[in-house]
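The values are calculated or read from the model by the stated rules, or taken from the named source; none is laboratory data. Given the structure is predicted, the values throughout are model-derived calculations rather than measurements. All Cβ positions, even for glycine, are placed from backbone atoms using ideal geometry, and neighbour counts span all protein chains on display. Ligands, DNA and RNA are excluded from the accessible area calculation, which covers all protein heavy atoms including side chains. Shrake-Rupley method; radii C 1.70, N 1.55, O 1.52, S 1.80 Å.
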Amino acid sequence: MLRAALVAPPAPEALLETSRALELLLDKIGSFGGTIEGRGPTGIAAVFGLDLTEDAPNRAAHAAMAIVKAVTRARREAGTGPEIKVALHTSQMLVGQSAAASELDLEGKQAALLVLKTLIERGAADTVMVSDATAPFLARGLELRSEDATHGRAFSLVRRRRSGPGEAERVSTFVGRHHELELLRSRLESAMRGRGQIVGVSGEAGIGKSRLIFEFRESLAGKPLMYVEGQCRSYGLTTPYLPVLDVLRALCGITDGDTPGEIADKARTSLLEADLDLLETAPYLLHLLDVERDVARFAALAPEVTKARLFETLRQLVLKKSRQTPLIIVIEDLHWIDSTSEEYLSALAEMLPGAPVLLVCTHRCSQRHRRQG
Ligand SMILES: Nc1ncnc2c1ncn2[C@@H]1O[C@H](COP(=O)(O)OP(=O)(O)O)[C@@H](O)[C@H]1O
Ligand SMILES: [Mg+2]
């Protein structure tokens, strides 16, 4: 369950901003596949995992981060507005199913809401608090900070982990898979000689695809290479450019804490370093990165044209960067890729034969997840 509470001064002029922020919350919950369980004038409670969605805690955590980002952004743009506190808790609950709706067991729900209330009270403004029970589900992809434990163990969400080693990777010894590692290394060598390569890693969930990539990456330490990773997500099938954005941000050295100004600067610097025409290319990149939106320019362009120019800019950026330092691009969990990113990858693949780029894609193959068509 996710609880989000807006904290606004009790002044009547704060009402408008608060109700706007509330709209943002509802919107984000919906786009990450959550269900609104209750709402009030300054907050909401939502549930993830009621239907058969996969990966409910991660969806909730990403929704929580998107909420904090949207509310702080709205406040920055308006110069005023409420602060936000979000809390996440995971528990087992009875669910009543009828044709019309799913209903949570009353006592289970109340117990969860109580935990969430305490977490919200403990949390600072514009942060996401995570209960002890939820933390293990998030440890792999997200960075958590342990909070003062005098009132019970709890965590706050710091940021997304650059890329994925969780607790399991740090404590368990890597066994077998030497053949696969060797294969990746030999493909990398070809790529470094300027003959781009594409490697697909496929297998069932839990078979060790991500771990293989992790070990491969670890084995590269100290080599003159650039490694970037894009993650497709279970809730991302309809979000254009989701993994491509990861790759772009990594290419430009953009991190989660960067302000819009810093993001724009880093993007421009990367384009300059790659020797690309700033006037021609920067607007598209900044548009994709959602900073400095040149509304007039993009309103006048057909979406197809925007996409084609964006693709071209991204392709050029990858090409030029790879000429400076050989590039490894990993796209994780391709079975969840959105169609725009898929299209971009195909465009990228076409130019790979002549570029020092190793593109590795992991993909889950099982009966249940085989994509149509
Ligand atoms: N060769 C291996 N040796 C040791 N542990 C492994 C190995 N392969 C996978 N694991 C562990 O198994 C778990 C699932 O692997 P993971 O790479 O996440 O699977 P996938 O990405 O295919 O879904 C992880 O905790 C991982 O550390
Ligand atoms: Mg994986």
Somewhere in the range 355-370, is a residue farther than 17 Å from L271 by Cα, modelled with pLDDT under 85, more than 16 Å from ligand 2 (Cβ to nearest atom) and surrounded by fewer than 18 Cβ atoms within 10 Å (Cβ to Cβ)?
yes
Apart from one, (1) part of a helix (DSSP H, G or I); (2) open to solvent by less than 10 Å² (accessible area, probe 1.4 Å) all hold for E280; the odd one out is (2)
Test of understanding: among R170, R193, which residue is modelled with pLDDT of 90 or more, open to solvent by 40 Å² or more (accessible area, probe 1.4 Å) and not hydrophobic (A, V, I, L, M, F, W, C)?
R193
Per the filter on the range 127-160, residues open to solvent by less than 40 Å² (accessible area, probe 1.4 Å), closer than 27 Å to Q231 by Cβ and not β-branched (V, I, T) are M129, S131, A135, L138, A139, G141, L142, A154, F155, S156, L157
Failed item in (1) under 24 Å from the mean Cα position of the chain (by Cα); (2) at negative phi; (3) touching a residue at least 40 places away in the same chain (Cβ under 8 Å), with Y241 passing the rest:
(2)
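Which ones in the range 336-349 are more than 22 Å from D277 (Cβ to Cβ) and open to solvent by 10 Å² or more (accessible area, probe 1.4 Å)?
Step one: filter the range 336-349 for residues more than 22 Å from D277 (Cβ to Cβ), giving 336-343, 345-346, 349.
Within the range 336-349, W336, S339, T340, E342, E343, L345, S346, A349 meet the criteria.
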In the range 101-114, what residues are outside any loop (DSSP other than H, G, I, E, B) and open to solvent by 50 Å² or more (accessible area, probe 1.4 Å)?
E103, L106, E107, Q110, A111, L113, L114
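Could we say that L314 is more than 16 Å from ligand 1 (Cβ to nearest atom), of a type outside the set (V, I, T), loosely packed, with under 14 Cβ neighbours inside 10 Å and part of a helix (DSSP H, G or I) here? Please lay out each step first, then the result.
Working: more than 16 Å from ligand 1 (Cβ to nearest atom): yes; of a type outside the set (V, I, T): yes; loosely packed, with under 14 Cβ neighbours inside 10 Å: no; part of a helix (DSSP H, G or I): yes.
No; evaluated as a whole, the condition is false for this residue.
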Which condition from (1) within 28 Å of L242 (Cβ to Cβ); (2) of a type in the set (V, I, T); (3) in contact (Cβ under 8 Å) with a residue 60 or more places away in the chain; (4) in contact with a strand residue (DSSP E or B) (Cβ under 8 Å, 6 or more places away or on another chain) is the one that T53 breaks?
(4)
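Test E37 against the stated conditions and say whether it is under 24 Å from Q92 (Cα atoms) and outside the structural domain of D256 (by TED's automatic domain parsing).
Working: under 24 Å from Q92 (Cα atoms): yes; outside the structural domain of D256 (by TED's automatic domain parsing): yes.
Yes.
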With respect to the numbered conditions (1) within 11 Å of ligand 1 (Cβ to nearest atom); (2) at pLDDT below 90; (3) not in a loop (DSSP other than H, G, I, E, B), which one is the sole condition not fulfilled by V158?
(1)
When the range 139-155 is checked residue by residue, the ones that are within 16 Å of ligand 1 (Cβ to nearest atom) and at pLDDT below 85 are A139, R140, G141
Just a yes or no: is a residue in the range 32-44 out of contact with any strand residue (DSSP E or B) (no Cβ under 7 Å at 6 or more places or on another chain), without any contact (Cβ under 8 Å) to a residue 12 or more places away in the chain and not in a helix (DSSP H, G or I)?
yes
Considering the range 200-211, residues that are more than 9 Å from ligand 2 (Cβ to nearest atom) and either closer than 21 Å to A349 by Cβ or among the acidic types (D, E) (or both), and then whichever is least open to solvent (accessible area, probe 1.4 Å), we arrive at V201
Tally, over the range 180-219, of residues that are away from ligand 1 (no atom under 13 Å from the Cβ), in contact with a Pro (Cβ under 9 Å, 6 or more places away or on another chain) and assigned to a helix (DSSP H, G or I):
3
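Among the residues in the range 20-28, are any touching a Pro at 6+ places or on another chain (Cβ under 6 Å), aliphatic (A, V, I, L, M) and open to solvent by less than 20 Å² (accessible area, probe 1.4 Å)?
Step one: list which residues in the range 20-28 are touching a Pro at 6+ places or on another chain (Cβ under 6 Å), which gives 21.
Then keep just the ones that are aliphatic (A, V, I, L, M); that gives 21.
If we keep only those that are open to solvent by less than 20 Å² (accessible area, probe 1.4 Å) as well, we get 21.
Yes, that holds for at least one residue.
Working only within the range 85-100, note down all residues that are aliphatic (A, V, I, L, M) and open to solvent by 70 Å² or more (accessible area, probe 1.4 Å).
Going through the range 85-100, the residues aliphatic (A, V, I, L, M) turn out to be 86-88, 93-95, 99-100.
L94, A99, A100, listed by residue number.
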Considering T255, T281, T269, which residue is closer than 20 Å to L348 by Cα, in contact (Cβ under 8 Å) with a residue 12 or more places away in the chain and not aliphatic (A, V, I, L, M)?
T281
